[in-house]
1. Taking the criterion of being more than 25 Å from L114 (Cα to Cα) and of a type in the set (D, E, K, R), would at least one residue in segment 56-77 satisfy it?
2. Given the conditions (1) surrounded by 18 or more Cβ atoms within 10 Å (Cβ to Cβ); (2) over 20 Å from the mean Cα position of the chain (by Cα), and given that D110 satisfies all but one, which numbered condition is not satisfied?
3. Can you find even one residue in segment 115-132 that is hydroxyl-bearing (S, T, Y) and free of Cβ contacts under 8 Å to residues at least 24 places away in the same chain?
4. Being among the hydrophobic types (A, V, I, L, M, F, W, C), surrounded by fewer than 15 Cβ atoms within 10 Å (Cβ to Cβ) and over 15 Å from the mean Cα position of the chain (by Cα): is that true of F50 here?
5. When the residues of segment 17-35 are filtered to those that are at pLDDT 75 or above and part of a loop (DSSP other than H, G, I, E, B), which remaining residue is surrounded by the fewest Cβ atoms within 10 Å (Cβ to Cβ)?
6. Would you confirm whether any residue within segment 36-51 is in a loop (DSSP other than H, G, I, E, B) and modelled with pLDDT of 85 or more?
7. For segment 78-117, which residues satisfy the criterion of being assigned to a loop (DSSP other than H, G, I, E, B), at pLDDT 90 or above and polar (S, T, N, Q)?
8. Could you tell me which residue of segment 78-91 is farthest from Y112 (Cα to Cα), considering only residues that are aliphatic (A, V, I, L, M) and surrounded by 18 or more Cβ atoms within 10 Å (Cβ to Cβ)?
Amino acid sequence: MSSSNDSDRVLPDRPVYRPLERFWPYADLPEQPTDEELAALHPELRAAIFGAPPLPFSMSIELPAFEGAEYARALELARASDEYVEVQTSTGARHRARFFPGERPLELRDLYNLVAPLEGTDVLVDDVAVPYARELWLPLVWLLIK
């Protein structure tokens, strides 16, 4: 039934040695991720793995690293947000600042006004890029400023 020759076989009928039953070099990894690893997860990946967390409405500003005098002020405002994450990508560092705008709409506005003209700045509503986030959602949040 087989047209191939027995001499064409690559592997012998009986192996010369038996491999060890362990997974080298991954034998010593912990089974659960650490708190630091969980905190560094991208929000969309975290939601896909663990489900959506019960968080209140949030607005996030994601900005790239940039040159200029405003960079230090932008980092200061981003780090003062409710949640701040710095992620290293192939293009450089990206900073994500999450605000719960019911409590701090002024800080959100200050950071946005500082980084809005930058190429690569994203505005996220509940960690999702939605249409008209800059034109509609941010002005609606700014109505909360007293």
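1. Scanning segment 56-77 turns up no residue that is more than 25 Å from L114 (Cα to Cα) and of a type in the set (D, E, K, R).
2. (1) is the only condition that D110 fails.
3. Yes, the conditions are met somewhere in segment 115-132.
4. No, not satisfied.
5. Q32
6. No; the residues of segment 36-51 include none that is in a loop (DSSP other than H, G, I, E, B) and modelled with pLDDT of 85 or more.
7. Hit for segment 78-117 is S81, nothing else.
8. V85
The values are calculated or read from the model by the stated rules, or taken from the named source; none is laboratory data. Since we're looking at a predicted model, the values are computed, not measured. As a convention, Cβ positions derive from the backbone with ideal geometry for all residues, glycine included, and neighbour counts pool all protein chains shown.
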